[in-house]
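Undergrad: Handing you this structure, nothing more for now.
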Amino acid sequence: LARPTRQIPDAAWTSGFREMTEPWKGAVGCLGVAVFFAMTIGIISWQALEQPPEEWVLRGRSGGVLWERRQGALLLRALPAGQTVAVIMVGGVPAAEPPPPRDRCWHDGGQFCYAWEEDAELRLSLEPSPAPATECYGVRWTPLRPDVVLKDCFSMANVSWYGGASIRAQRWPLNGAESHAQPFVSGDFSRNPASYGPVLERYFLGSTGVTVTVAPDVPLFLSLETNRHFCLGTPAGRPAVPLHYLLCVSPDPLFRVLPQASHAGTRCNPSQLFPPRRSPIWRYYGPSGSAAKIKRGLRSLAKRLKRHRLPEGVLALGERCTAILAAAVRPDHAPSEQRKRHDSPRGWDPSLIKPLRLSITLSPYASIASPLFLRSLQDSEAASYWLSLQPQFGGCSVPLLTTWKGRLCARLNVTSEAALSWYLARARRLRQALGAAYVVFEGAEGNAFLEQSVPPPAELAGDRYAGVLASALATLGNATIISAGARSSHLPLFVQMSQLRSDWSHAGLKGVIPSVLHYSLLGYNFFIPDAVGGSLAGDTPGDPELYVRWLQIVTFLPVMAFGTPPWLCCDAWVLNLTRQCIQRHQDFVVPLLIKYSEEWLSLGYPIFRPAWWLSPTDPTAFTVEDEFLIGDEVLVAPITEKGQTWRDIYLPGEGHLWKDTSTARVFDGGTILRNYSASLAEVPVFVK
């Protein structure tokens, strides 16, 4: 404050700069520009080279999600080990553009939001955990333009994936499967071999302990690329729809396999699912021209079974034979007709085939030439009882026609209470009139609207047709068999497995065990396997060795089914082996199934379990596709290679002991038995 005020002298450097010539001033200016560009390039290089390629975008207690800049991928990482349990390649948006650590949801620590301008918005969120040791993350993509197709691909590198959809040549794990992008809807392999199969769930399980569950209201496309990735996507050419799924990671190897925690609410008594005289199933392929011919053919088959000392079980009729017998019992009637008299069973006498019983087959289809369909048109009830196309500008509804077994047909409208009531009442009357032990319902799979490129109504989107029909059929009791399963594993129904080729490929014998593990993992433990030897396209097993190896697997499944009787394809010793297998199924397998059905009801654990169930940390167990466990105590390891009488057997569960039921030899778990001998008449079975 006391400093004397006077004029500040000019700085020496400024006066010197003014005295500089113009060339020197230009040189200094160029130097400044060069320094500026050098600093800019340095900053860019530092960001590109020095900045870490991975960045946390959402973090929870035991893991979190990172953004991988180089690949444009989301990484799901478990803590504290820091193991990456899932790599999700992002598609449909410019993945090279790295999102910032926080964007619109910076104020909420449980969410992360980022938007690719004019493309899509990503929202990650921490979701409630279904178990204390489990952490879940919601992933929701919202397209910002109608032409944006969302697609997330899950890498198969160092991860084995299970669940999802059944395919024509089933693989275990899914890493070996191949399928082009198509709607995630159940299908019929006999109509479209490239479609997905009859059993599927929006649930995928990875060997690293991660599960992927897709929201049920998402129009979903799925593609599989062998040993690379599987992709979840949205359909193209339709209004923009979000892609929403849930990622969960858990260190508990048992919890991670449960798409539904338990089935405690299921009205199901396991002992009633396996009553006497309901296995094996003998399929009828005899004369079918009239009711009289069918009766003679059934009586002849029953006598032959009795002559060969195979008197137990059920004779199964196809849909055509069922329709002929139904017409003999009582002609079919239109939905609106009310029957004023009781049914008469005189058209069929169950004593003709005693002690065997009958199985009948129905479907939700009606031929457009049938009196049933024509009468519904005359009574103006077609829209109520059959799936129909609604007019855009007034007018009448038109039945949606599709093909079924070579005929042009209409399909039952399961959203109509009146139609369902009539259909169930018809099935009950027919079951009672024919004294049927089982009622098989074919044609539950597929979406008739999507097959004809017509947008389905909301109540029938995706696989909701199969789900609604299954819920209705469950009221008929636990002797009901349905041809498809989607969100219905909790219902007391048997599911008919797909037909297989009569060969040694994955579309034949090698596909049996992967299909068993796939069905059971998704909760469908009660299924009817394809006939011994395969039955696709009317194939008749001509290879006795194939027939025997197939028979040895089916012995340990819920129900044994035969298309070709053993005396028609093989020598007398195979007939004797068939008797032994049927007896072993009744005495040894059925009690095991009842026991582990109780566990399935209370805990949700599958009855048929993969090798990794007892060895969840052994990478070798993740790819074993030719063995299966019944519960925790029986290991079945059949031979599925033609001409072999030996195989390598993986014994799971380090610290356990396994005893061969044939030789009583005991082996350590967690080991591999090399070149283990098994003759054509033997199947290796071990008890823990």
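Undergrad: Somewhere in segment 178-187, is a residue assigned to a strand (DSSP E or B) and on the phi > 0 side of the Ramachandran plot?
TA: no
Undergrad: Is it true that some residue in segment 664-674 is closer than 25 Å to W504 by Cα, out of contact with any Lys or Arg (no Cβ under 6 Å at 6 or more places or on another chain) and not hydrophobic (A, V, I, L, M, F, W, C)?
TA: Looking through segment 664-674, at least one residue is closer than 25 Å to W504 by Cα, out of contact with any Lys or Arg (no Cβ under 6 Å at 6 or more places or on another chain) and not hydrophobic (A, V, I, L, M, F, W, C).
Undergrad: May I pose another question? Does segment 156-185 hold any residues that are of a type in the set (G, A, S), open to solvent by 10 Å² or more (accessible area, probe 1.4 Å) and touching a Phe, Trp or Tyr at 6+ places or on another chain (Cβ under 9 Å), and which are they? Don't jump to the end; show me each part of the working.
TA: Just the residues of segment 156-185 that are of a type in the set (G, A, S), to begin with: 157, 160, 163-166, 169, 176-177, 179, 181.
Then keep just the ones that are open to solvent by 10 Å² or more (accessible area, probe 1.4 Å); that gives 157, 160, 169, 176, 179, 181.
Within segment 156-185, S160, S179, A181 qualify.
Residues are listed down the side, and each one gets a yes or a no for (1) without any contact (Cβ under 8 Å) to a residue 24 or more places away in the chain; (2) closer than 26 Å to E178 by Cα; (3) not in a helix (DSSP H, G or I):
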position: G462; (1), (2), (3): no, yes, yes
position: H506; (1), (2), (3): no, yes, yes
position: V512; (1), (2), (3): no, yes, no
position: L517; (1), (2), (3): no, yes, no
position: G534; (1), (2), (3): no, yes, yes
position: Y547; (1), (2), (3): no, no, no
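Undergrad: So in segment 657-679, with the set limited to residues that are part of a strand (DSSP E or B) and among the hydroxyl-bearing types (S, T, Y), which one is surrounded by the most Cβ atoms within 10 Å (Cβ to Cβ)?
TA: Y676
Undergrad: Mind listing whichever residues of segment 373-420 are among the charged types (D, E, K, R) and under 16 Å from V454 (Cα atoms)?
TA: R411
Undergrad: Another one. Taking the options A157, A133, name whichever one is assigned by the TED database to the domain that holds S62, of a type in the set (A, V, I, L, M) and either part of a strand (DSSP E or B) or out of contact with any Ser or Thr (no Cβ under 7 Å at 6 or more places or on another chain) (or both).
TA: A157
Undergrad: Out of E682, E654, E641, E627, I need the residue that is within 27 Å of the chain's Cα centre (by Cα), open to solvent by 50 Å² or more (accessible area, probe 1.4 Å) and either on the phi < 0 side of the Ramachandran plot or modelled with pLDDT of 95 or more (or both). Which one?
TA: Only one candidate qualifies: E641.
Undergrad: Okay, moving on. In segment 373-411, which residues are open to solvent by 70 Å² or more (accessible area, probe 1.4 Å), in a strand (DSSP E or B) and at pLDDT 90 or above?
TA: Passing the criteria: T403, R407, L408.
Undergrad: Another question, if that's okay. Could you tell me whether any residue of segment 612-634 is assigned to a helix (DSSP H, G or I) and within 22 Å of S359 (Cα to Cα)?
TA: No: zero hits.
Undergrad: Pick out the one residue from R277, R309, R296 that is on the phi > 0 side of the Ramachandran plot, surrounded by fewer than 19 Cβ atoms within 10 Å (Cβ to Cβ) and modelled with pLDDT of 90 or more.
TA: R309
Undergrad: Has segment 470-492 got at least one residue that is more than 24 Å from G197 (Cβ to Cβ), without any contact (Cβ under 8 Å) to a residue 40 or more places away in the chain and surrounded by fewer than 21 Cβ atoms within 10 Å (Cβ to Cβ)?
TA: Yes, segment 470-492 contains at least one residue that is more than 24 Å from G197 (Cβ to Cβ), without any contact (Cβ under 8 Å) to a residue 40 or more places away in the chain and surrounded by fewer than 21 Cβ atoms within 10 Å (Cβ to Cβ).
Undergrad: Give me the pairs, please: first residue somewhere in segment 654-678 and farther than 22 Å from E545 by Cβ, second residue anywhere and surrounded by fewer than 11 Cβ atoms within 10 Å (Cβ to Cβ) and among the small types (G, A, S), beta-carbon distance under 7 Å, and either six or more positions apart or on two chains.
TA: G669/G655
Undergrad: Being modelled with pLDDT of 95 or more, open to solvent by less than 10 Å² (accessible area, probe 1.4 Å) and not assigned by the TED database to the domain that holds I281 is the requirement here; does L551 meet it?
TA: yes
Undergrad: Looking at segment 204-246, which of the residues that are assigned to a strand (DSSP E or B) and open to solvent by 50 Å² or more (accessible area, probe 1.4 Å) is nearest to M156 (Cα to Cα)?
TA: That would be E225.
Undergrad: I've got another one for you. Report, ordered by the first and then the second residue, all pairs with beta carbons closer than 6 Å, sequence separation of six or more or different chains, a first member in segment 560-587 that is part of a loop (DSSP other than H, G, I, E, B), and a second member that is surrounded by fewer than 17 Cβ atoms within 10 Å (Cβ to Cβ) and not small (G, A, S).
TA: Hits for this filter: T564/T540; C570/P544.
Undergrad: Could I ask something else about it? All but one of (1) open to solvent by 10 Å² or more (accessible area, probe 1.4 Å); (2) touching a strand residue (DSSP E or B) at 6+ places or on another chain (Cβ under 7 Å); (3) among the acidic types (D, E) hold for D188, so report the exception by its number.
TA: (2)
Undergrad: Being surrounded by 17 or more Cβ atoms within 10 Å (Cβ to Cβ), of a type in the set (G, A, S) and either closer than 29 Å to F373 by Cβ or at pLDDT 80 or above (or both) is the requirement here; does S290 meet it?
TA: Against the criterion (surrounded by 17 or more Cβ atoms within 10 Å (Cβ to Cβ), of a type in the set (G, A, S) and either closer than 29 Å to F373 by Cβ or at pLDDT 80 or above (or both)), S290 does not qualify.
Undergrad: Please work out which residue is most open to solvent (accessible area, probe 1.4 Å), limiting yourself to segment 412-460 and to residues that are among the small types (G, A, S) and without any contact (Cβ under 8 Å) to a residue 40 or more places away in the chain.
TA: Within segment 412-460, the match that is most open to solvent (accessible area, probe 1.4 Å) is S453.
Undergrad: Restricting attention to segment 329-347, does a residue exist that is modelled with pLDDT of 90 or more and in contact with a Phe, Trp or Tyr (Cβ under 9 Å, 6 or more places away or on another chain)?
TA: Pass one, segment 329-347, residues modelled with pLDDT of 90 or more: none.
For segment 329-347, residues modelled with pLDDT of 90 or more and in contact with a Phe, Trp or Tyr (Cβ under 9 Å, 6 or more places away or on another chain): absent.
Undergrad: Taking G467, is it assigned to a helix (DSSP H, G or I), under 17 Å from the mean Cα position of the chain (by Cα) and free of Cβ contacts under 8 Å to residues at least 24 places away in the same chain?
TA: Taking the combined requirement at face value, the residue satisfies it.
The values are calculated or read from the model by the stated rules, or taken from the named source; none is laboratory data. Only a predicted model underlies this, so the values are computations on that prediction, with no experimental measurement involved. Note: ideal-geometry Cβ built from the backbone for every residue, glycine included; neighbour counts use all protein chains shown. Heads up: the accessible areas ignore ligands, DNA and RNA and are worked out on the full protein's heavy atoms, side chains in. Shrake-Rupley method; radii C 1.70, N 1.55, O 1.52, S 1.80 Å.
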